[in-house]
Every structure is written in C-alpha cells, then in structure tokens.
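Here, each number is a calculation from the coordinates, and none is a lab measurement. Just so you know, these numbers come straight off a predicted model, no measurement behind them. Counting neighbours? That spans all protein chains shown, and the Cβs are built from the backbone with ideal geometry, glycine included.
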C-alpha cells in the first residue's frame, strides 16, 4: 500500500538522518496503523541503520552521524520493544548479555551491536561500559544467557576479553562468547579461545545467529 | 618559552620531539589499565629513565608524563583531587631528565568526556578541566604546552584557548585518518581546515599525532604543509598496535619510520617526533635521517 510505503520510508529517513523525535513518532504511527513491530523493524529500522553503517564504511558518515542514527533507531525501538515482546515470545533467538569491559568507557560500538541484536530478535541485557568480568558472569548465570558479548576498544583492555572467556569456561556456563571492538582481530579472538568475533554491528548479528544456532544443534 | 621564541627557533631548522612514553612505561612494567601518570608518584625513576633515553636519542622537546592528568580522567582512574600534584611531579621528573638539554612540554590529552551528540559534556566543563591542568603545568615550570591526539575540534579548541591564556608557546595536534574524501578526524573534522582553526585560535604550531603509520602521515604532511601558515608537527605511531598473548606489538621498522619522517620534514613539517610504540631508537634514526636530508 502506498501509505505504508510512505510511512516506512519516512521512518527509514528519520533513522538515517538521526531524527530521534521523528523516529519515535513514526514508529508510533506504524503501530497505530496496524503494522506489527517486527514489520516496522524489518522494513524501516534495519534498512535505515544498515544504510547509515554503509555510509560510514564508505566515508560519507562520521561518528556523530552514525551515533545519531543509532540513537534515532533506539528511540523507535523504545516504542516498538514492548509490543515486540508481546507479539511473540517465541521470537526470541536467544538471550544475550553484552558490555564493554572494565577499564574501557567506550560505549558506542557496543550499544550499536546491542541495538542491532535486539532489533533482530535477541533478548539483550546491556550492562553498559566499564563492566568487570565477575559482573558479566553473575548476570549470564542469572539469566541463563546463550551468548555473552564483550567489547574492548583499547589494547590495554583487550586482555579482559581473555579473562572473560576463561571465566565463562571455569564457571561452567553454557554461554558462547563473542568479542569485538576496533583493535580486536579474528586472530586475537582465536588466540583467546572466543567462540566468535565480529568487526561491525551487522556481522555481529550474523555471528550471534550462528553461535546460538550451533548451541541449539549441539 | 613564548610563541615568538618557538617560531624563531623553528626558523633555524626542524625541531626533534620525543616518541612514545606510555608504551615505553608499559614495557617497563606499568600494569594494563593503570594510568601512566600514576607512575609520576609511584615510580618517578622509571619515568625519568624513559625521558632521559629520549634526550640522549636527540629529542629537543620531551613531553612530561601528564597526557591523561586532567581532572575527569584522573577521577575515572581513582585519582581525583590529584591534578596539581601529578602534573607538578610530571614536569619536575622531565626537568630532571632533561638536565638542561631539552625543552619540557606539559602534555595535554583529551579529557575523555564527549560532547553532544556522542555524550553530554559541555564546552564549559572541558574548558574548566583544561584550565585546571594547564595552570598546574605552568606553575610547575613547563616550557611550552603540547596538546595531543584530539579527535573533536571543539575539544581541541577549548584546550588551545586554555593553553594560549598562559602566554607559553602552544603545540596542538589532532588524530586524523584517511577516508574516502581525504583526511578527517573520526568526528569528521577535515585535516587542513581543522589545523587552520587551531592556529587561528592561538596555537603556535599545529599537527597530526597518533593512530596512523608514518607512511600514512607522510601523505597528510604533503597535503597540509603547503596550505598552512603555522609550522606543522608530525608524530606518527610505530604502526598499528596489535595485541598478542605476549603483549602489544607495533610492527613498523624503525628505519622506514626514520626515512618517512625525513620525507615529512622535506615536505615542510617543522617539528617531528613519534607517538605510541616509537622508542628512542626510532627518534635517533629519525634525527640522523632528518639531519642528512636538511644538511646542504
């Protein structure tokens, strides 16, 4: 329908241009006009944040544009999340505990990954930045997490990721561990024995799907 | 040192800066996640030894270990209320190490606070933090103020304004990376216009520091030097840091770094040194390469 095309394209633009108020308003309108939260996420929010990510990769967008796009998406998600939860419990692909490691205050990349995971059907518990390994372990046990994600933006804080992997194993948790952050390479992830590594928020979703799928199959 | 003194010193030839300090302290045993500035009080001898090695390698300016010694970062590290003491200790250690052979720069890094839209900090907050640090540095007898590795022009300008008010010469550098349309900070500030703004705000010399390798910085120097009125400073990393189970590794060959730095000077850079991962060996090779390039 032309009306809904226009609505979703407006919401897509609101995300892309970092218009928080517009994004929240159009998300509300989408629900009011009878669209499901999931459809709204898939037709407008994900394409919008994906395009913002592409523009960043291409050098058109800088950090402020990328972050305001993520904030607009978050504002729309705040409207959709409660409905999404009610729409289908079975939708949850898995429970994820995510944080930036202790000693590291970098919040942006981790929040983007959290938002994308949540938009793609994961139940996400975002513990914030500067989080000690012990708290991640505690929370993962408490919610019986499928996946624990740890971001580190400094070579001085990356060793905390290694401690996390070891702590998850020695606590006997079933959760897989995914690591990320600008200086984090696949080689590092392999060296420390992490189950997965993602170098951007989109690939994080794919890696998370695979990791959780593996667990279900195994 | 007044701005005019620095400018007239630069007339007579390139000025050799020092190299990485934090990475050297980590190599000397500074624990991961501990602020290097804490060693100004705990292990002043180790800090002095690193400075001295740079002086002996030919650094004419050494940066005191005060990069993160601003109130917000100190309190994040559990050292709140210690701004004055840590900056004063940093300057006096560097002064001892210099033994009159080199100038001592008070080093001013980013506060770690983010302005909107990334964070909620205000320019006034940043300015107050810079004022507090800079006045501690001046009181302790810094010869000049060196603002380094800024990535938000607004924060860099706040630091320059605070530093300019001291009357000392001010060196101000930012961290740029290559993007599709040229060199930018991660916030989107373009290389040449950002450096011009710093100089208009009162920086005596402006430049690029950290993050990139010397070959990438050579491209920046070639682009910026001809377009700037202010002297250009260059301080590349020793490559991109890579963490292995054995520790952080920087891959660049010091002799390649040295010849790149000499090429930057040939392209118009007037102050040359290194950032993370560079060592006294890098500086001494670079100085030899630069001297060879500028001697008739």
Given a Förster distance of 41 Å, report the FRET efficiency between residue A:171 and residue A:5 from their Cβ-Cβ distance, rounded to the nearest 0.05.
0.25
Using Cα pairs closer than 8 Å and at least 6 residues apart in sequence, work out the relative contact order for the stretch B:163-296, in percent.
21 percent
From the Cα gyration tensor of chain B, with a ≥ b ≥ c the square roots of its eigenvalues, which class applies: rounded if a/c is under 1.5, or else prolate if a/b is larger than b/c, or else oblate?
rounded
Could you give the distance between the Cα centres of the stretch A:23-40 and the stretch B:197-217, to the whole Å?
47 Å
Exposure-ranked with fewest Cβ neighbours within 10 Å first, B:107, B:5 stand as B:5, B:107
Report the label-to-label distance for residue B:242 and residue B:180 in nanometres (one decimal), using points 7 Å from each Cα along the Cα→Cβ vector.
2.8 nm
Using Cα atoms only, what is the angle between the long axis of helix A:46-57 and the major principal axis of chain A, expressed in degrees (0 to 90) to the nearest 10?
60 degrees
Report, to the nearest 10°, how far helix A:2-16 tilts away from the longest principal axis of the Cα atoms in chain A, using its own Cα long axis and a range of 0 to 90°.
40 degrees
What does the extension gain come out to for residue B:101 and residue B:295, with contour length at 0.36 nm per residue minus their alpha carbon separation?
67.7 nm
For residue A:38 and residue B:255, FRET efficiency with R0 = 45 Å and r from the beta-carbon atoms, rounded to 0.05?
0.20
Can you tell me the orientation of helix A:20-32 relative to chain A, as the angle in degrees between its alpha-carbon axis and the longest Cα principal axis, to the nearest 10?
70 degrees
Taking only C-alpha pairs under 8 Å that are 6+ residues apart, what is the relative contact order of chain A in percent?
16 percent
Rounded to the nearest 500, what is chain B's calculated 222 nm mean residue ellipticity when only DSSP H runs of at least 4 contribute -39500 (n - 2.57) each, over all residues?
-13500 deg cm²/dmol
Ranked from fewest to most other Cβ atoms within 10 Å of their own Cβ, B:184, A:122 fall in the order B:184, A:122
DSSP beta bridge pairing in chain B, given as percent antiparallel to the nearest 5:
20 percent
Using alpha carbons only, how many angstrom separate the centre of the stretch A:135-204 from the centre of the stretch B:8-71?
33 Å
Shape of the stretch A:92-217 from its Cα gyration tensor (a ≥ b ≥ c, root eigenvalues): rounded if a/c is under 1.5, otherwise prolate when a/b > b/c, or oblate?
rounded
Restricting to DSSP H runs of at least four residues, report the calculated mean residue ellipticity at 222 nm for chain A, -39500 (n - 2.57) per run over all residues, nearest 500 deg cm²/dmol.
-18500 deg cm²/dmol
From the square roots a ≥ b ≥ c of the eigenvalues of the alpha-carbon gyration tensor of the protein assembly as shown, which class results: rounded (a/c under 1.5), prolate (a/b over b/c), or oblate?
prolate
Each label sits 7 Å from Cα toward the beta-carbon; between residue B:123 and residue B:32 the label points are separated, in nm, by 3.9 nm
Listed with the fewest Cβ neighbours within 10 Å leading, B:63, A:35, A:197 appear as A:35, A:197, B:63
Net lengthening on full extension, residue B:222/residue B:266 (0.36 nm per residue, minus Cα-Cα)
14.9 nm
